[in-house]
Amino acid sequence: MAGADAPRPTAAAVLGRPAVFWPLAAALAVAGAVPQFLSRLTPDAAWYLYVARRVLDGARLYVDVHEINPPLIVVLSAPAAAVGAWTGLPDIQLFRAFALLLVAGSLAAAGTLLRRLPGPAARGAAGAIVLLWLFALLPLTRDDFGQREHLLLALALPYLAAASLRGAGERPPRGLALLAGVMAGLGMALKPHFALLWLGVEAYLWARARRGPPWRRVESALAAAVPALYGVLVVLLTPAYLDLVRHVGGAYGAYLRNSPLAILVHEPWAALPIVALIATLALRPADVALARLAELLAVAAAALLLAALAQQKGWRYHLYPAFATATVLLGVLVLVPRADAGSLGARTYAAIARLLVAGVVAATLAGAVRQAARPRDARYEPYPEFPVLLDVVRAHRERGGGALLALSNNLRAAFPLVNYGGVPWASRFNATWLLAVSYAPELMSGRPLVYRDRAAMGPAERFLNDAMYEDMARARPTLLVVERPLPAGGNPVRRLDYLAYFRRDPRLARLLADFRKIRDVGDFEVYERVAPSGAP
């Protein structure tokens, strides 16, 4: 009869049992990886792979090829590009494989640290927490796989686990603390906004958990020292990056800017972190170590939300780290026993949290299944016309055609089209977004668009025109893809008429005169060069 009096295992403890944990972990890994390997690579990741390949082939970063971000993301993409060039294997799939290895290593390190939390309840919940992070880092990424925000979260996870140990009064093993600090430092060096994560966690450990200043903790000190050292190396080794920032940094800061308030109001991915923060106040875990872990996750989610708002863009992948961390936090709150489980408020918040977690998990896994079943469905392509344009590019290449140039405000017009099409790219830029920035006030006002003559152009617009001429004269593109302008009343940026604009420059007009239109593909016009570049 003693067995009848034994306490009922918690949901977190059940999920942590090996017989449950490993099948679920395998299912989540498959649900996250299979759609990625079957679908197209995201435009940003495709661009970074292209840049890495160019640099490995001898191009000068920030001179021959322009990227507004400092070089770390190119360095992290370089192993896949290098192994692909050496072995002949597709660098896109290698990039995905390396990202999966990073996620696996991060989860292994974090899981080892979490299993050192004090008390049987916290240690028993470690497996469930690892499953939540596995869900957040793989199936939940979907369109954000390989983005810097995805890499940040994977790199910072061991640091968060080490911080949770510190918050519970424990000390992580020195080797794992060193690893966690270096990984987190690399992740936070990807964007200066990510430093808010370090500031939030360290402020929490100092003020709430009484852990003292960060330089007394090896992982905390390294997480700050690595980005600082990286900044020095950028200044010393890539001075061309500073020149590029002086040319276009201000313009990029103004590009598609959204106020933090507008992001909070209009972006659904910004809502869940706020709900999770409120739930943390109402659903405090009964176990002290798990309560400190929940507090730390709440601080991390808030810091990552602030990092997204500070970028003033509102793009989904900017919000991914905060959304993913909030999902993990809500999962912890509903899986472990709570201190005030009997109150009406706690029951209400618990029910809401369960519905949110179940909804996110169900919608994500259903989407993963749909994408794995139909990876070439239009909803999973970079844009609906992509398959047709890819056929056009490949056919042009097979006829002996050369480089491709796309005139569009959007990166995805050219990438991953260049990667899958196997053609050279004829510009130092990934898109003509500088033009949209130069005419942003006119585009947003709805007034008739009047292009400036050269004397009235600002430095960024003049730089774009000169660079466009130099690149076309050097690369001699043979295929031109142009996003067709739309009338006023729709997307303001789509009012730009790229051909009309660039033909106003006599140098570019001579080069563009060599092209004839061969077909329309959705929102794009396709032109092929029929005369030697520069001919009358």
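The values are calculated or read from the model by the stated rules, or taken from the named source; none is laboratory data. Keep in mind that what you see is a predicted model, and the values were worked out from it rather than measured. Here the Cβ positions follow ideal geometry from the backbone for every residue, glycine too, while neighbour counts run over all protein chains shown.
Quickly run through segment 512-523 and pick out the residues that are under 17 Å from F502 (Cα atoms) and part of a strand (DSSP E or B).
F515, R516, K517
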Scan of segment 351-375 for residues that are assigned to a helix (DSSP H, G or I) and without any contact (Cβ under 8 Å) to a residue 12 or more places away in the chain, ordered by number: A351, L355, A358, G359, A362, A363, A366, R370, A373
Set A46, A31: member being under 30 Å from R115 (Cα atoms) and either without any contact (Cβ under 8 Å) to a residue 24 or more places away in the chain or surrounded by 14 or more Cβ atoms within 10 Å (Cβ to Cβ) (or both): A31
Failed condition for R379, given (1) part of a helix (DSSP H, G or I); (2) among the charged types (D, E, K, R); (3) closer than 21 Å to R148 by Cα: (3)
Count of segment 255-294 residues which are within 15 Å of G331 (Cα to Cα) and in contact with a Phe, Trp or Tyr (Cβ under 7 Å, 6 or more places away or on another chain): 5
All positions within segment 324-350 that are under 22 Å from L160 (Cα atoms) and assigned to a helix (DSSP H, G or I): A324, T325, A326, T327, V328, L329, L330, G331, V332, L333, V334, L335
Any hit, segment 287-295, residues being touching an Asp or Glu at 6+ places or on another chain (Cβ under 9 Å), touching a residue at least 40 places away in the same chain (Cβ under 8 Å) and assigned to a loop (DSSP other than H, G, I, E, B): no
Qualifying residue in segment 101-123 (condition: among the basic types (K, R) and either in contact (Cβ under 8 Å) with a residue 60 or more places away in the chain or under 19 Å from G146 (Cα atoms) (or both)): no
Flag for A25 being within 17 Å of the chain's Cα centre (by Cα), touching a residue at least 60 places away in the same chain (Cβ under 8 Å) and over 30 Å from L434 (Cα atoms): no
Those helices (runs of 4 or more DSSP H) lying entirely in segment 397-471 with at least 3 residues crowded, with 21+ Cβ neighbours inside 10 Å: 417-421, 433-438
Check on V493, buried (at least 20 other Cβ atoms within 10 Å of the Cβ), over 27 Å from A456 (Cβ atoms) and either under 35 Å from the mean Cα position of the chain (by Cα) or not small (G, A, S) (or both): no
Test: residue in segment 89-105 that is among the charged types (D, E, K, R), assigned by TED's automatic domain parsing to the domain that holds Y252, touching a Pro at 6+ places or on another chain (Cβ under 9 Å) and farther than 18 Å from A154 by Cα: no
Inter-residue pairs, beta-carbon under 9 Å, first touching a residue at least 12 places away in the same chain (Cβ under 8 Å) and of a type in the set (S, T, Y) and in segment 306-317, second surrounded by fewer than 18 Cβ atoms within 10 Å (Cβ to Cβ) and in a helix (DSSP H, G or I), 6+ apart: Y317/D143
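Yes/no matrix, rows are residues, columns are (1) surrounded by fewer than 19 Cβ atoms within 10 Å (Cβ to Cβ); (2) part of a helix (DSSP H, G or I):
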position: G187; (1), (2): no, yes
position: A203; (1), (2): yes, yes
position: G212; (1), (2): yes, no
position: S220; (1), (2): no, yes
position: P227; (1), (2): no, yes
position: G231; (1), (2): yes, yes
Conditions (1) under 25 Å from L132 (Cα atoms); (2) surrounded by fewer than 20 Cβ atoms within 10 Å (Cβ to Cβ); number of the one not met by P387: (1)
Which listed residue is touching a helix residue (DSSP H, G or I) at 6+ places or on another chain (Cβ under 9 Å), within 17 Å of I73 (Cα to Cα), in the same structural domain as Q312 (by TED's automatic domain parsing) and not small (G, A, S), from Y204, Y230: Y230
Residues satisfying the stated conditions in segment 472-506, i.e. more than 23 Å from A254 (Cβ to Cβ), of a type in the set (A, V, I, L, M, F, W, C) and in a helix (DSSP H, G or I): M472, A473, A475, L499, A500
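The rows are residues; the columns are (1) free of Cβ contacts under 8 Å to residues at least 60 places away in the same chain; (2) out of contact with any Phe, Trp or Tyr (no Cβ under 8 Å at 6 or more places or on another chain).
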position: A168; (1), (2): no, yes
position: G175; (1), (2): yes, yes
position: L197; (1), (2): no, yes
position: A207; (1), (2): yes, yes
position: R210; (1), (2): yes, yes
position: A221; (1), (2): yes, no
position: A224; (1), (2): yes, no
position: D243; (1), (2): no, no
Checking L140 against (1) buried (at least 24 other Cβ atoms within 10 Å of the Cβ); (2) under 17 Å from the mean Cα position of the chain (by Cα); (3) part of a helix (DSSP H, G or I), the condition it does not meet: (3)
Matching entry among L113, L153 (being under 25 Å from the mean Cα position of the chain (by Cα), crowded, with 19+ Cβ neighbours inside 10 Å and not basic (K, R)): L153
1 or more residues under 30 Å from F386 (Cβ atoms) and at pLDDT 95 or above: qualifying helices (runs of 4 or more DSSP H) within segment 6-78: 18-38, 43-56
Inter-residue pairs, beta-carbon under 7 Å, first among the hydroxyl-bearing types (S, T, Y) and in segment 321-348, second assigned to a loop (DSSP other than H, G, I, E, B), 6+ apart: T327/L140
